[in-house]
Amino acid sequence: MTRQLQLLVASTMPRRAVPGRHPLDPSVTHLRVHPGDLDFYLHVNNGVYLQLMDIARSNYIADLGGFSLLKDKGWYPVVAASTMKYRRSLQLWDRFEITTRVVGWDERVVYLEQVFSRRGELCARGLVAGRFLARGSGDRVPAPDVVGLLGGDLVSPELPDDVAAWARALDVAHRTV
């Protein structure tokens with residue numbers, strides 16, 4: 001199955017919600033490297049990591065029972081920015097996991113960290129700035145509204161310094177002026 005088909009399945013037939021799951025709880029997606037994931041050098045292509053992150057974020061939303069809630073509101077997620085740091089190669093048939101967690105949010109953006117690991121060893125780390133848009137109008141949905149829908153009245157944790165600096169550098173962070 002190509003990763004695009006896997007994303008389609010993860011988003012249209014999501015896995016069951018995890019009872020008691022909170023938006024700040026991590027979500028773990030277990031995967032295996034397939035032949036189509038490899039590049040000429042026989043390790044996972046950098047673009048495939050982004051597709052794998054899409055699947056893991058869909059599983060995160062599924063774990064919260066969020067697909068039906070978002071659909072009812074007419075809201076959908078988009079990526080405003082992402083960055084990756086690669087530490088170790090993933091190779092054919094490697095089993096690995098992606099741990100997705102929300103590290104905070106501001107008025108515009110939800111910030112996620114997605115860590116790839118194999119047998120407890122860090123392979124890659126991605127940061128994602130995600131926004132939500134309203135179907136039809138395309139208007140931005142305030143991030144606190146989305147977090148509230150998915151988990152109640154929560155206050156964002158303080159963003160880690162590296163995430164805050166990255167968001168400012170790319171101009172995705174909420175502007176107060």
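The values are calculated or read from the model by the stated rules, or taken from the named source; none is laboratory data. Model, not experiment: these values are computed from the prediction. FYI the Cβ positions are ideal-geometry reconstructions off the backbone, even for glycines, and counts take in every protein chain you see. Only protein heavy atoms, including side chains, enter the accessible area calculation; ligands, DNA and RNA are left aside. Shrake-Rupley method; radii C 1.70, N 1.55, O 1.52, S 1.80 Å.
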Quiz prompt | Matching residues in the stretch 96-124 - criterion: being surrounded by fewer than 17 Cβ atoms within 10 Å (Cβ to Cβ) and in contact with a helix residue (DSSP H, G or I) (Cβ under 7 Å, 6 or more places away or on another chain) | solution = GLU107
Quiz prompt | Conditions (1) in contact with a Gly (Cβ under 7 Å, 6 or more places away or on another chain); (2) surrounded by 18 or more Cβ atoms within 10 Å (Cβ to Cβ); (3) not hydroxyl-bearing (Ser, Thr, Tyr): number failed by LEU127 | solution = (1)
Quiz prompt | Only one of SER11, SER27 that is touching a helix residue (DSSP H, G or I) at 6+ places or on another chain (Cβ under 6 Å) and within 20 Å of ARG119 (Cα to Cα) | solution = SER27
Quiz prompt | Test: GLN51 is open to solvent by 80 Å² or more (accessible area, probe 1.4 Å) and in a helix (DSSP H, G or I) | solution = no
Practice problem: Only residues that are at positive phi and within 13 Å of the chain's Cα centre (by Cα): list them for the stretch 96-139, please. | Solution: GLY104
Quiz item: In the stretch 1-37, which residues are open to solvent by less than 40 Å² (accessible area, probe 1.4 Å) and over 16 Å from the mean Cα position of the chain (by Cα)?
Solution: VAL33, ASP37
Quiz item: Within the stretch 139-162, can you find the residues that are over 20 Å from ILE61 (Cβ atoms) and not charged (D, E, K, R)?
Solution: VAL155, LEU159, PRO160
Quiz item: Within the stretch 63-72, can you find the residues that are out of contact with any Ser or Thr (no Cβ under 9 Å at 6 or more places or on another chain) and either closer than 23 Å to LEU38 by Cβ or not in a helix (DSSP H, G or I) (or both)?
Solution: GLY65
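Of all residues in the stretch 82-95, count the ones that are under 16 Å from the mean Cα position of the chain (by Cα) and open to solvent by less than 60 Å² (accessible area, probe 1.4 Å). Let's see the steps before the verdict.
Restricting attention to the stretch 82-95, the residues satisfying the condition of being under 16 Å from the mean Cα position of the chain (by Cα) are 82-85.
Imposing the further condition that a residue be open to solvent by less than 60 Å² (accessible area, probe 1.4 Å) reduces the set to 82-84.
Count: 3.
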Quiz item: Which one of ASP139, ASP145, ASP162, ASP171 is surrounded by fewer than 18 Cβ atoms within 10 Å (Cβ to Cβ) and under 30 Å from GLN91 (Cα atoms)?
Solution: ASP162
Quiz prompt | Set SER82, SER89: member being within 21 Å of ALA129 (Cβ to Cβ) and not acidic (Asp, Glu) | solution = SER82
